[in-house]
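Quick note: the coordinates plus some simple rules give every number you see, no bench work behind them. Quantities reported herein were computed from a predicted structural model and do not represent experimental measurements.
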């Protein structure tokens, strides 16, 4: 005969199993919802100091944010990154409406030096200076502090605009 205050072992196991299934379902649902708006990206280049990023597809870029995008097609992109280059990650240095200028090799956004241009790549290919003037609505000037950064300072990348943007990121590692 069972003690009156304790349920049989099979009943406790059934409730435990039901609880685990419920918690697992909630976890899977939350992960699926997170995945619709986010992604994890690994950075294989030297241009950013971190190598892993959590990317939010729905956050509007702000100055200083990491921005992840599809680079425009160009001979330099194809030569260095292939026909289907991976995602590029850079730092937002210029916002829509900001003014971009070149003074010698210096690139200025809003009067502040944000990058230096080189004349040629490490392989000796000519680098064409990037766009100057007012950054259009929906576009951004992106760069990295790396001296060999391949970013908006060069015409092959130029301003990064909405159709190219995958999202903004937070460094996780």
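Over segment 43-171, what is the relative contact order in percent, taking alpha-carbon pairs closer than 8 angstrom and at least six residues apart?
Reported as a whole number, the value is 34 percent.
Name the residue, out of 97, 25, 149, whose mean-square fluctuation peaks in a Gaussian network model built on the chain with Cα pairs under 10 Å.
The residue that fluctuates most here is 25.
Which of 153, 11, 134 ends up with the largest GNM mean-square fluctuation for the chain, with Cα atoms connected below 10 Å?
11
Given a 10 angstrom Cα cut-off, can you work out which residue in 47, 152, 74 is the most mobile in a GNM of the chain?
74
Using only the C-alpha atoms of segment 43-171, find the volume of their convex hull and express it per residue in Å³.
Per-residue hull volume (Cα only) is 98 Å³.
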